[in-house]
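Here's the structure, in structure tokens; my notes come after.
The values are calculated or read from the model by the stated rules, or taken from the named source; none is laboratory data. Quick caveat, the model's predicted, so the values are computed rather than measured. Note that we place each Cβ from the backbone using ideal geometry, even for glycine, and neighbour counts take in every protein chain shown. Accessible surface is based on the protein model in full, side chains and every heavy atom, while ligands, DNA and RNA are left aside. Shrake-Rupley method; radii C 1.70, N 1.55, O 1.52, S 1.80 Å.
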Amino acid sequence: MADLSVTLAGLALRNPVITASGTFGYGADYADLVPFERLGAITVKGVSLAPCRGNPPPRTAEVFGGLLNAIGLQNPGVDKFLHDSRYLPFLRTVDTAVFVNIWGTSIEEYAEVARRLDAESEGIAALEINISCPNIKHGGIAFGTDLGLAGRVVREVRKATRLPLITKLSPNVTDIGEFARCVVEAGSDVVSLINTIPAMAIDIETRRPKLANVTGGLSGPAIKPVAVRMVYQARQAVDVPIIGMGGIQSAADALEFLLAGADAVGVGTAIFADPGCLVRIVDGIDACLDRWGVPHVRDIVGGVIV
Amino acid sequence: MKNEETARSLRNDRIQGDYYRLDLEAPVIARAVRPGQFVHTQIPGLAHRVLRRPFSVFDTDPATGRLSIIYKVVGEGTARLAATAPGTPISLLGPLGNGFSLPSADAFPVIVAGGFGCAATFLLARRSPVPFRVLIGGRSVADLLLVREYRELGCTVRVATEDGSRGHRGVVTDLLAQLLDGGGPPPRVYACGPNAMLGAVCRLVSGRGLDAEVSLDHVMCCGVGACYTCVVKVLADTPDGWEYVRTCLDGPVFRARETVWE
Ligand SMILES: Cc1cc2nc3c(=O)[nH]c(=O)nc-3n(C[C@H](O)[C@H](O)[C@H](O)COP(=O)(O)OP(=O)(O)OC[C@H]3O[C@@H](n4cnc5c(N)ncnc54)[C@H](O)[C@@H]3O)c2cc1C
Ligand SMILES: Cc1cc2nc3c(=O)[nH]c(=O)nc-3n(C[C@H](O)[C@H](O)[C@H](O)COP(=O)(O)O)c2cc1C
Ligand code: FES
């Protein structure tokens, strides 16, 4: 039994395996299938200031080795999230850390969501800022692909809350290290990466895109090598804890991210096919560390030999 | 309660055309399932495909723990499933979805079904306290499923084929219209099949002030309500009168009165 506990920005987790935002709902839907007390943390689906209906269907399409999605961030809005029994009140009863993923279409919206969560923060371990959304006020440029905007979002959210802050980086940039440094300087305690990669699939018979939104974000095993490379580069750029994700299905995949420099890992798309994979990944990391004679999971973080 | 159960395939045979029947030993889900619910099925040996496939539970034998599905080969996953040997372990999530409500003993219930929709309504007919009228449609006689099995349950079956190769020449909803206008007591209508058929069923019953329970087919991802892939529009108390709900959790069975057809 290796010691799997990790500490992210002062936050102690029993192990490094975290559910990725948008792939685990608000927890309740998987309550029968996944023992929460075996997970490091749960990240809930993105919450915004106002309720959001999301995109028209079809919203996802299976592709070779991956999944395209354009859900469009459907969510009940922050007030319902805080007070409806299916959301935060339920999450307050589970024995695992809860990370709340937040988004907005303007800097003010991000800050306001953070403020409202901060005001009733019992049961919330950290906020994860999803900066991969378009800024409506600034002509739809994604916050996560503009250094100036990314820094400003994080600075304003930092002022709005005392909760630990994770910033979820977009992979849609040339130099991921630059963005990691930028959000850390702006006050982010942790960085997580990667979000989905913009992509497209076409039905050749109907000649129409497979998603109503035309394009969507690619996730799953197909993106794993890209994600490992970006975690490795982010590790060179910043000293704060990193949550690495993108295509993790097994303990071996998770260990690859840890060696690349991640302190913890997110598991997303793999849950859809196999909710049991979460516990298998935890147990598999443990078994592998034992086999290697490594007493603590932190001993292998960044251990890639180059 | 949702379960993840590793079932063992008992038999997996072609029944007609592109349709197959798969019997699984899955005692936990077989004993818990209600009519109209589905199982989210991992296809063995399809590692480059990242999702499960949803199939309605066609029939069960709670005594032996058998659970059966009927599937049509339409793509890579179902083709792979058809090639799965008996004895293969197959992971199921289930039972999922809301399912149909059983008719009361004094009801006059009717099933309207097409294609693999005939499988989704079978357990409903089996567990019903009163025999069903069953209207089955298809393009031609080769597409008519389970006619004998419904009759063996004591149901009265009428069929329609678009090419006239068996029964009424035309669509199955012609038979429903005849029945609705035949002057009998107002029936309780249940339907599962292609979307065009379900839309027609909803229009027919709504036009006569009746309702129906219709089971919708929608691409799914998680199957348990977590990802918001499978949404459909339903009428709701919102400023513009509708909202998106999840087919896998709030459905797949919806009331004709709440459905929106565009
Ligand atoms: C609630 C429910 C119950 C169902 N019950 C049955 C049943 O009893 N018998 C049966 O034969 N089929 C049933 N289906 C449809 C069945 O799920 C699809 O035919 C199957 O997923 C196709 O997989 P494929 O890999 O062969 O097709 P591909 O086209 O290769 O699949 C590509 C992707 O699209 C999805 N997909 C394709 N067609 C459908 C469809 N019609 N519905 C949902 N997802 C689809 C697949 O799951 C996969 O993710 C049901 C669907 C739903 C939603
Ligand atoms: C259906 C779906 C919905 C997602 N929703 C969100 C979201 O609301 N917020 C967010 O930051 N990331 C979201 N993501 C991205 C994931 O959290 C994760 O970063 C990405 O999918 C890569 O990991 P994976 O390959 O393990 O899925 C979503 C991904 C999927 C597949
Ligand atoms: S398929 Fe995920 S919510 Fe229905």
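Remarks
- When the range A:110-119 is filtered for residues that are surrounded by fewer than 22 Cβ atoms within 10 Å (Cβ to Cβ) and either modelled with pLDDT under 95 or not hydrophobic (A, V, I, L, M, F, W, C) (or both), the ones remaining, listed by number, are A:112, A:115, A:116, A:118.
- Meets criteria (more than 16 Å from ligand 2 (Cβ to nearest atom) and open to solvent by less than 30 Å² (accessible area, probe 1.4 Å)) for residue B:175: yes
- Restricting the range B:209-233 to residues that are more than 7 Å from every other protein chain (Cβ to nearest Cβ) and farther than 16 Å from residue A:58 by Cα, the residue that is farthest from ligand 3 (Cβ to nearest atom) is B:209.
- Top-ranked residue of the range B:241-255 - restricted to ones that are facing another protein chain (nearest Cβ under 10 Å) and of a type outside the set (Phe, Trp, Tyr), ranked as farthest from ligand 2 (Cβ to nearest atom): B:243
To keep it simple, each residue is scored yes or no on (1) within 14 Å of ligand 2 (Cβ to nearest atom); (2) modelled with pLDDT of 95 or more.
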| residue | (1), (2) |
| --- | --- |
| A:65 | yes, yes |
| A:72 | yes, no |
| A:76 | yes, yes |
| A:79 | no, yes |
| A:88 | no, yes |
| A:93 | no, yes |
| A:98 | no, yes |
| A:106 | no, no |
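- Only one of the numbered conditions (1) assigned by TED's automatic domain parsing to the domain that holds residue B:29; (2) open to solvent by 60 Å² or more (accessible area, probe 1.4 Å) is violated by residue B:126, and that is (1).
- Of all residues in the range B:72-102 being aliphatic (A, V, I, L, M), in contact (Cβ under 8 Å) with a residue 60 or more places away in the chain and assigned to a loop (DSSP other than H, G, I, E, B), the one that is nearest to residue B:55 (Cα to Cα): B:85
- Within the range B:51-71, tally of residues that are open to solvent by 10 Å² or more (accessible area, probe 1.4 Å) and part of a loop (DSSP other than H, G, I, E, B): 4
- Per-region count, the range A:165-221, residues open to solvent by 10 Å² or more (accessible area, probe 1.4 Å) and in contact with a Phe, Trp or Tyr (Cβ under 6 Å, 6 or more places away or on another chain): 1
- Output for the range A:262-274, where each listed residue is buried (at least 22 other Cβ atoms within 10 Å of the Cβ), in a loop (DSSP other than H, G, I, E, B) and out of contact with any Ser or Thr (no Cβ under 7 Å at 6 or more places or on another chain): A:262, A:263
- Of all residues in the range A:188-230, those being part of a loop (DSSP other than H, G, I, E, B) and either farther than 30 Å from residue A:9 by Cα or within 16 Å of ligand 1 (Cβ to nearest atom) (or both) number 13.
- With respect to being away from ligand 1 (no atom under 16 Å from the Cβ), of a type outside the set (S, T, N, Q) and crowded, with 24+ Cβ neighbours inside 10 Å, residue A:279 falls outside the description.
- Within the span defined as the range B:182-197, one or more residues are within 14 Å of chain A (Cβ to nearest Cβ) and open to solvent by 20 Å² or more (accessible area, probe 1.4 Å).
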